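First comes the structure, then the notes that go with it.
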Amino acid sequence: GVTNPYDAYQNIMGGSKFLRLLADRFDGDMIKVISAYHAGGGVTSRKDGTPWVGTDGYVRKVLKNYYRIKTELTAATP
């Protein structure tokens, strides 16, 4: 439903809904979800995971940053 991808609200809401669809499709397997976001759901399903080296690198970077931020937030919480 995004009509203007340059509208920050539409872009964030559309991306969030897309990630939710991918999470449902891949039963919450975050490697497959991030892979499908980067490479496409079809090829991720056919390859049963990360289809290409470039996608593998993307997934690793996203997860590395996710865990870094999660650790920082956990440490900052009293």
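The values are calculated or read from the model by the stated rules, or taken from the named source; none is laboratory data. Just so you know, these numbers come straight off a predicted model, no measurement behind them. As a convention, Cβ positions derive from the backbone with ideal geometry for all residues, glycine included, and neighbour counts pool all protein chains shown. Keep in mind that these areas ignore ligands, DNA and RNA; they rest on the heavy atoms of the full protein, side chains included. Shrake-Rupley method; radii C 1.70, N 1.55, O 1.52, S 1.80 Å.
Only a single criterion out of (1) touching a helix residue (DSSP H, G or I) at 6+ places or on another chain (Cβ under 7 Å); (2) without any contact (Cβ under 8 Å) to a residue 24 or more places away in the chain is not satisfied by Arg68, namely (1). Here is the figure for the stretch 24-42: residues that are surrounded by fewer than 16 Cβ atoms within 10 Å (Cβ to Cβ) and not charged (D, E, K, R) total 4. Residue pairs whose Cβ atoms lie under 9 Å apart, sitting 6 or more positions apart in sequence or on different chains, and linking a residue in the stretch 38-54 that is closer than 19 Å to Gly15 by Cβ to a partner that is part of a loop (DSSP other than H, G, I, E, B) and among the β-branched types (Val, Ile, Thr), are His38/Thr50; Ala39/Thr50; Thr44/Thr50.
Scanning the stretch 1-47 for residues that are β-branched (Val, Ile, Thr) and either under 22 Å from Gly57 (Cβ atoms) or in contact with an Asp or Glu (Cβ under 6 Å, 6 or more places away or on another chain) (or both) turns up Ile31, Val33, Ile34, Val43, Thr44.
Say whether the condition of being open to solvent by less than 50 Å² (accessible area, probe 1.4 Å), out of contact with any Pro (no Cβ under 6 Å at 6 or more places or on another chain) and among the polar types (S, T, N, Q) is met by at least one residue in the stretch 54-67. Checked the stretch 54-67: at least one residue is open to solvent by less than 50 Å² (accessible area, probe 1.4 Å), out of contact with any Pro (no Cβ under 6 Å at 6 or more places or on another chain) and among the polar types (S, T, N, Q).
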